[in-house]
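Novice: Could you have a look at this structure, given as structure tokens, before my questions?
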Amino acid sequence: MSPTSFSFEPLFLVLAVAAGATYWRAARADPPGRWRAASFGAGLVLIAVSLNSPLETVASRYLLLMHLLQNALIADVAPLLVLLGLTPAMRDTLNRHGARRLRARYVLPLWLVAWYCTHIGVFYDWALRTGWGLNLEHAILIAAGLLFWWPIVSGRLSTPASLAYLGIAFVASSFLGLAYIFSSRAFYSFYEHAPRLWGLSPVHDQNLGGILMNGEQTLVFLIAIGWFVMRLLAEEDERGRLGALQDS
């Protein structure tokens with residue numbers, strides 16, 4: 001198959017359409033505003049396009065670095081955009097249906113287990129060779145991403161707790177990318193025997209994939225951490241202002 005040919009994971013097209021329809025129905029009673037609607041739509045499009053395009057072809061047949069980019073987009077970026085698109089009333093509805101039971105102390109290790117285990121060699125090679133196993137891999141990553149970002153977006157964590165949560169997650173998840181970057185042998189037999197593109201050997205493909213993965217995660221987490229740092233400073237400033245008023 002040509003690297004520019006389209007490959008499809010129809011399951012995620014169907015899920016994206018279903019999620020969009022559900023959001024549209026909820027938005028009729030609770031208009032989300034333009035930026036929230038755009039964020040939700042961008043998250044769904046990112047999932048659908050990443051898994052139903054030439055990117056899917058290259059990722060599943062040729063290059064590990066594109067597969068790692070694909071996984072980072074659907075695990076880190078798309079779930080965050082989807083959750084940011086929810087209005088407070090929509091989040092309250094999810095809380096009433098069980099989301100309030102999600103605790104950061106349980107979600108974080110679950111997310112890390114999903115992140116590392118879906119990249120174990122045996123599982124990764126199996127998913128690529130069966131084809132339908134890719135659906136399972138991607139479903140796990142998307143679900144884990146939604147669970148991971150929920151404590152942050154739902155507002156249940158204080159600002160200091162959010163910073164600690166993000167900092168631990170950033171450090172703990174970075175070792176996978178570092179393993180790819182500094183590896184001197186290919187981890188996945190599937191990509192060792194896959195047709196090569198752009199003159200990349202399996203090891204160099206893997207090294208570049210690690211750089212791409214860590215770069216994406218660093219950007220996403222630093223933006224999130226930076227936002228909470230600004231929020232913490234604003235809260236401290238507000239407390240100082242209120243203290244000054246009380247003393248006067």
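The values are calculated or read from the model by the stated rules, or taken from the named source; none is laboratory data. What you see is a predicted model, and the numbers here were worked out from it, not measured in a lab. Counting neighbours? That spans all protein chains shown, and the Cβs are built from the backbone with ideal geometry, glycine included. With ligands, DNA and RNA removed, areas are computed over all heavy atoms of the protein, side chains included. Shrake-Rupley method; radii C 1.70, N 1.55, O 1.52, S 1.80 Å.
Novice: Could you check which residue among Leu68, Leu212, Leu232 shows the biggest mean-square fluctuation in a GNM of the chain with a 10 Å Cα cutoff?
Specialist: Top of the fluctuation ranking is Leu232.
Novice: Mind putting together the pair-distance distribution for the range 28-142? All Cα pairs, 5 Å bins, whole percent per bin, short to long.
Specialist: Taking every Cα pair in the range 28-142, the percentages come to 2, 11, 17, 20, 18, 14, 10, 7, 2, 0.
Novice: Which of the following values of Cα extents along the principal axes in Å was calculated from the structure shown: (1) 66, 65, 30; (2) 74, 42, 29; (3) 47, 47, 35?
Specialist: Working out Cα extents along the principal axes in Å from the coordinates points to (2).
Novice: If the convex hull of the alpha-carbon atoms of the range 53-117 is projected onto planes in all directions, what is the mean projected area in square nanometres? Please list the in-between numbers first.
Specialist: Numbers: hull surface 23.1 nm².
Its Cα hull, projected and averaged over all orientations, spans 5.8 nm².
Novice: In Å², what does the accessible area per residue of the range 171-248 work out to with a 1.4 Å probe?
Specialist: Spelled out: the 1.4 Å probe surface of the range 171-248, per residue, equals 61 Å².
Novice: Give me the Kirkwood hydrodynamic radius of the range 74-195 in Å, from all C-alpha pairs, to one decimal place?
Specialist: Working: mean 1/r = 0.0625 Å⁻¹.
Its Kirkwood hydrodynamic radius stands at 16.0 Å.
Novice: By how many nm would the segment from Phe6 to Ala161 lengthen if fully extended, with 0.36 nm per residue of separation less the alpha-carbon distance? Present the calculation step by step, with values, prior to reporting the outcome.
Specialist: Numbers: separation 155, 0.36 × 155 = 55.80 nm, distance 4.28 nm.
Gain in length upon complete extension: 51.5 nm.
Novice: Once the piece of chain linking Ala244 and Phe170 is laid out straight, how much longer is it, given 0.36 nm per residue of separation minus the C-alpha distance between them?
Specialist: On the way: separation 74, 0.36 × 74 = 26.64 nm, distance 3.69 nm.
Length difference between fully extended and current span is 23.0 nm.
Novice: Compute the angle between helix 10-29 and the longest alpha-carbon principal axis of the chain, please, reported from 0 to 90 degrees and rounded to the nearest 10.
Specialist: Roughly 20 degrees between the two axes.
Novice: Shifting gears a bit: Any idea what log10 I(q)/I(0) is at q = 0.15 Å⁻¹ for the range 117-248, Debye with uniform C-alpha scatterers and no solvent?
Specialist: -0.86
Novice: What is the magnitude of the charge dipole of the chain about its Cα centre, with +1 placed on the Cβ of each Lys and Arg, -1 on the Cβ of each Asp and Glu, and no other charges, expressed in debye to the nearest 20? Please report the intermediate quantities before stating the final value.
Specialist: Working: 18 positive and 15 negative charges, 125 e Å.
The calculation lands at about 600 debye.
Novice: Which whole-number value in Å³ per residue fits the convex hull of the alpha carbons of the range 2-61? Spell out each step's value before the answer.
Specialist: Details: hull volume 3.8 nm³, N = 60.
Given the Cα convex hull of the range 2-61, per-residue volume reads 64 Å³.
Novice: Test of understanding: express the Cα radius of gyration of the range 152-221 as a ratio to 2.2 N^0.38 Å, with N the residue count.
Specialist: Normalised by 2.2 N^0.38 Å, the Cα Rg of the range 152-221 equals 1.48.
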